[in-house]
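Take a look at the structure below.
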Amino acid sequence: NLSEANLFRSTLHSANLRDADLSAANLVEASLIKANLQDVNLQDADLNKTILFKASVSKSLLIEAQLCLTNLPDHTIHNRDCERT
């Protein structure tokens, strides 16, 4: 259970976080390159400036997370929530 965890600027390259509870976690500026995020609970997680390049994560799971300057698995930048930060 990593809910509400402070993972600010963490490096979690190729980490297997499958089925983890990251709800309300602080992942600001974290690097999750090639991480397995399948079935992860990202409700209210802060993914601002997070790098998810080549990470395995469903876009439907990202709907519940906060995204601003977030580098998505396909290497696009998502700014959906920048006005809230």
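The values are calculated or read from the model by the stated rules, or taken from the named source; none is laboratory data. Worth saying up front: this structure is predicted, and the values here are computed from it rather than measured. Cβ placement follows ideal geometry from the backbone for every residue including glycine, while neighbour counts extend to all protein chains displayed.
With respect to the numbered conditions (1) crowded, with 16+ Cβ neighbours inside 10 Å; (2) free of Cβ contacts under 8 Å to residues at least 24 places away in the same chain, which one is the sole condition not fulfilled by residue 11?
All conditions are met except number (1).
Condition first: among the hydrophobic types (A, V, I, L, M, F, W, C) and either buried (at least 17 other Cβ atoms within 10 Å of the Cβ) or at pLDDT 95 or above (or both). Now tell me which residues in region 54-76 satisfy that.
Across region 54-76, the qualifying residues are 55, 57, 61, 62, 65, 67, 68, 69, 72.
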